[in-house]
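A short worksheet on the structure shown next.
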Amino acid sequence: QVQLVESGGGLVQPGGSLRLSCVASGNIYIAFDMGWYRQTPGKERELVASISNRGAADYADSVKDRFTISRDNAKNTVYLQLNNLQTEDTAVYYCKAQIRRIGKFDPNNYWGQGTQVTVSS
């Protein structure tokens with residue numbers, strides 16, 4: 001099976017920074033697109049940023065120029081650097097990865113358990 005484990009969330013003041021990490025483990029043949037989503041109570045989960053296994057990145061308009069997504073393919077790890085955090089960035093952040101398992105042909109989407117980011121003074 002495949003597991004995604006996020007880390008790096010926490011409480012930070014407005015204007016502060018955090019770095020989230022997500023490690024995928026298990027019988028992984030290759031990880032394709034990896035990304036970060038976030039969700040607040042009563043709202044749908046929204047895409048924050050995604051990155052292909054070739055390094056092409058996309059961002060939600062609300063986080064462009066503040067957040068940076070990156071990945072280490074050798075470690076099956078994706079990162080999200082969050083700078084100049086604002087109160088509206090408060091949410092549970094989830095990692096998602098499209099992974100093809102060893103011995104399988106079709107990839108599947110996998111989710112992490114989420115990590116809380118709280119921006120408050």
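The values are calculated or read from the model by the stated rules, or taken from the named source; none is laboratory data. As the structure is a prediction and not an experimental result, all values here were calculated from the model. Virtual Cβ from ideal backbone geometry, glycine too; neighbours counted across all protein chains shown. For accessibility, only protein heavy atoms count, side chains too; no ligands or nucleic acids. Shrake-Rupley method; radii C 1.70, N 1.55, O 1.52, S 1.80 Å.
Out of all the residues in the range 75-91, is one or more aliphatic (A, V, I, L, M), modelled with pLDDT of 95 or more and surrounded by fewer than 18 Cβ atoms within 10 Å (Cβ to Cβ)? No; the residues of the range 75-91 include none that is aliphatic (A, V, I, L, M), modelled with pLDDT of 95 or more and surrounded by fewer than 18 Cβ atoms within 10 Å (Cβ to Cβ). Contact annotation: no residue pair with Cβ atoms under 7 Å, 6 or more positions apart or on different chains, pairs a residue in the range 41-56 that is free of Cβ contacts under 8 Å to residues at least 12 places away in the same chain and under 12 Å from Thr68 (Cβ atoms) with a partner that is open to solvent by 70 Å² or more (accessible area, probe 1.4 Å) and assigned to a loop (DSSP other than H, G, I, E, B).
Select from the range 20-41 the residues that are part of a strand (DSSP E or B) and open to solvent by 60 Å² or more (accessible area, probe 1.4 Å) and list them in ascending order. Val23, Tyr29, Phe32, Asp33, listed by residue number.
Kindly check whether there is at least one residue in the range 96-106 that is surrounded by fewer than 18 Cβ atoms within 10 Å (Cβ to Cβ), part of a loop (DSSP other than H, G, I, E, B), free of Cβ contacts under 8 Å to residues at least 12 places away in the same chain and not acidic (Asp, Glu). Yes; the residues of the range 96-106 include at least one that is surrounded by fewer than 18 Cβ atoms within 10 Å (Cβ to Cβ), part of a loop (DSSP other than H, G, I, E, B), free of Cβ contacts under 8 Å to residues at least 12 places away in the same chain and not acidic (Asp, Glu).
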